[in-house]
Ligand SMILES: C[S@@+](CC[C@H](N)C(=O)[O-])C[C@H]1O[C@@H](n2cnc3c(N)ncnc32)[C@H](O)[C@@H]1O
């Protein structure tokens, strides 16, 4: 089984760490769950370590980067989960739905194997004013192509709640908007390597050169002063949580 992250994920575990503020938002919805399925688990970020976790991940490279633990790790895809129906109390999908080849199949597989809530952390490209798209317009159009709407989720999962998750100014999970008030970070190849969007767009050189020039001349700080002095900012990241009650044994 070959996977995109076998190539782009070589530094994943160091670039993409659990941010405790985001983890708190996700874990608030676990209820009384004892068994948790983490689909597209990467190197294990956001797993509630006090619960019994099963992690599904297609990339052997990311599985290799997991810290040692008693988590059961299965190499598989969301669209074909190798579990019987109603196996888990809760399922998580953290920043992965935009990677699925068939989102409807991935969601219905998660619904099939989960007794209780499904908790998805994702991104709304229509609710963001992330300044990096001014330098790299392909980023905006890419997200509009690959992200799902609330209606897409509800078609498969039934009624869901949307909970916005602002990104802290010092976010330690290097997701795309993590460095929103640290613009020079985007000039670092190692930082960009942890962001899958950069592997899906072309022509970054000219846009990054403009960004570097704007940082040096002070133009970036003038243009984007609304982002400065904020503790956190809402860039459209949100949780999608199914409304069904937890049916935990
Ligand atoms: C941005 S990473 C997120 C990883 C992890 N959830 C985290 O928060 O760090 C996206 C993950 O989705 C996985 N992935 C891609 N396609 C997938 C699929 N069809 N089924 C399950 N996981 C998939 C990738 O291998 C990668 O681990």
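How many residues are in a loop (DSSP other than H, G, I, E, B) and either more than 20 Å from residue 98 (Cα to Cα) or touching a residue at least 24 places away in the same chain (Cβ under 8 Å) (or both) when one looks only at the stretch 39-75?
Going through the stretch 39-75 one residue at a time, the tally reaches 22.
So, in the stretch 162-206, exactly how many residues are touching a residue at least 60 places away in the same chain (Cβ under 8 Å), assigned to a helix (DSSP H, G or I) and more than 23 Å from residue 124 (Cα to Cα)?
Result for the stretch 162-206: 1.
Which count do you get for residues in the stretch 7-53 that are more than 8 Å from the ligand (Cβ to nearest atom) and out of contact with any strand residue (DSSP E or B) (no Cβ under 8 Å at 6 or more places or on another chain)?
The total comes to 15.
Mind checking which pairs have a first residue in the stretch 89-107 that is at positive phi and a second that is more than 9 Å from the ligand (Cβ to nearest atom) and at pLDDT 95 or above, Cβ under 8 Å, 6 or more apart or different chains?
95/122
For residues that are surrounded by 19 or more Cβ atoms within 10 Å (Cβ to Cβ), part of a helix (DSSP H, G or I) and out of contact with any strand residue (DSSP E or B) (no Cβ under 8 Å at 6 or more places or on another chain), tally how many sit in the stretch 108-141.
Counting residues in the stretch 108-141 that are surrounded by 19 or more Cβ atoms within 10 Å (Cβ to Cβ), part of a helix (DSSP H, G or I) and out of contact with any strand residue (DSSP E or B) (no Cβ under 8 Å at 6 or more places or on another chain) gives 5.
Going through 199, 232, 194 one at a time, which residue ends up being over 25 Å from residue 99 (Cα atoms) and within 21 Å of the chain's Cα centre (by Cα)?
232
If you scan the stretch 77-114, which residues turn out to be within 8 Å of the ligand (Cβ to nearest atom) and within 15 Å of the chain's Cα centre (by Cα)?
78, 92, 93, 94, 95, 96, 99, 100
Is it the case, given these coordinates, that residue 63 is under 14 Å from the mean Cα position of the chain (by Cα), buried (at least 19 other Cβ atoms within 10 Å of the Cβ) and more than 8 Å from the ligand (Cβ to nearest atom)?
Criteria not met by residue 63.
Quick check on my filter: what residues within the stretch 151-161 are exposed (fewer than 15 other Cβ atoms within 10 Å of the Cβ) and touching a residue at least 60 places away in the same chain (Cβ under 8 Å)?
158, 159, 161
List the number of the failed condition for residue 151; all other conditions in (1) touching a helix residue (DSSP H, G or I) at 6+ places or on another chain (Cβ under 7 Å); (2) assigned to a helix (DSSP H, G or I) hold.
Only one criterion in (1) touching a helix residue (DSSP H, G or I) at 6+ places or on another chain (Cβ under 7 Å); (2) assigned to a helix (DSSP H, G or I) is unmet by residue 151, namely (1).
The values are calculated or read from the model by the stated rules, or taken from the named source; none is laboratory data. Computed from a predicted model, the values in this text were never measured in an experiment. Cβ: placed from backbone, ideal geometry, glycine included. Neighbour counts: every protein chain shown.
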